[in-house]
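J.: I have a structure I would like to understand better, so I am pasting it below and will then ask my questions one at a time.
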Amino acid sequence: MITVQELEKQVWMQEKVRIVIRDRVGTTVRRYPYARAAREKWSITRFLASRMRPLVGEREMVVINGEGAVANGKMSLKTLRASYN
């Protein structure tokens, strides 16, 4: 088990996707188990449902785009990742 903040860092390092999970500081969740990044054609909604929900359950979470705003769930991961440059 790792803290929510550590999971956010793992996802950034592996996926190049900035997520924010809202919970108390120090709350623990399961470690990010994926060795490969999700496919670029996946939507943010699919990414969250497939990879994040099993780890964080019903905790509130959002994906932040390169402008610092909450990203639209229909956006592809390719477009999202490009927004950080």
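The values are calculated or read from the model by the stated rules, or taken from the named source; none is laboratory data. Treat the numbers as computed from the prediction; the structure is a model and nothing was measured. In this analysis, Cβ positions are derived from the backbone assuming ideal geometry, glycine residues included, and neighbour counts consider all displayed protein chains.
J.: Being out of contact with any helix residue (DSSP H, G or I) (no Cβ under 6 Å at 6 or more places or on another chain), of a type in the set (A, V, I, L, M, F, W, C) and part of a strand (DSSP E or B) is the requirement here; does V25 meet it?
T.: Values: out of contact with any helix residue (DSSP H, G or I) (no Cβ under 6 Å at 6 or more places or on another chain): yes; of a type in the set (A, V, I, L, M, F, W, C): yes; part of a strand (DSSP E or B): no.
For V25, the condition - out of contact with any helix residue (DSSP H, G or I) (no Cβ under 6 Å at 6 or more places or on another chain), of a type in the set (A, V, I, L, M, F, W, C) and part of a strand (DSSP E or B) - is not met.
J.: Select from the stretch 75-85 the residues that are in a helix (DSSP H, G or I) and surrounded by 13 or more Cβ atoms within 10 Å (Cβ to Cβ) and list them in ascending order.
T.: Across the stretch 75-85, the qualifying residues are L77, T79, L80, R81, A82, S83.
J.: May I pose another question? Which residue, of V20, V4, is touching a helix residue (DSSP H, G or I) at 6+ places or on another chain (Cβ under 9 Å) and surrounded by 15 or more Cβ atoms within 10 Å (Cβ to Cβ)? Outline the logic, then answer.
T.: On the way: V20 fails: surrounded by 15 or more Cβ atoms within 10 Å (Cβ to Cβ).
Residue meeting the stated conditions: V4.
J.: Would it be correct to say that A69 is of a type in the set (A, V, I, L, M, F, W, C), out of contact with any strand residue (DSSP E or B) (no Cβ under 7 Å at 6 or more places or on another chain) and within 24 Å of M1 (Cα to Cα)? Spell out how you get there, then give the answer.
T.: Numbers: of a type in the set (A, V, I, L, M, F, W, C): yes; out of contact with any strand residue (DSSP E or B) (no Cβ under 7 Å at 6 or more places or on another chain): yes; within 24 Å of M1 (Cα to Cα): no.
Judged against the criteria, A69 is not a match.
J.: Can you tell me which residues in the stretch 2-22 are closer than 21 Å to G73 by Cα and acidic (D, E)?
T.: Answer for the stretch 2-22, where residues must be closer than 21 Å to G73 by Cα and acidic (D, E): E8, E15.
J.: Condition first: more than 15 Å from L80 (Cα to Cα) and assigned to a loop (DSSP other than H, G, I, E, B). Now tell me which residues in the stretch 1-22 satisfy that.
T.: M1
J.: Sticking with this structure for a sec: Could you please give the count of residues in the stretch 35-74 that are in a loop (DSSP other than H, G, I, E, B) and either exposed (fewer than 13 other Cβ atoms within 10 Å of the Cβ) or touching a residue at least 60 places away in the same chain (Cβ under 8 Å) (or both)? Explain how you work it out, then say what you get.
T.: Of the stretch 35-74, the ones in a loop (DSSP other than H, G, I, E, B) are 35-42, 57-59, 65-69, 71-74.
Keeping just the survivors that are either exposed (fewer than 13 other Cβ atoms within 10 Å of the Cβ) or touching a residue at least 60 places away in the same chain (Cβ under 8 Å) (or both) gives 35-36, 39-41, 57-58, 67-69, 74.
The qualifying residues number 11.
J.: Take A38 and decide whether it is farther than 23 Å from M1 by Cβ and either in contact with a His (Cβ under 6 Å, 6 or more places away or on another chain) or at pLDDT 95 or above (or both).
T.: no
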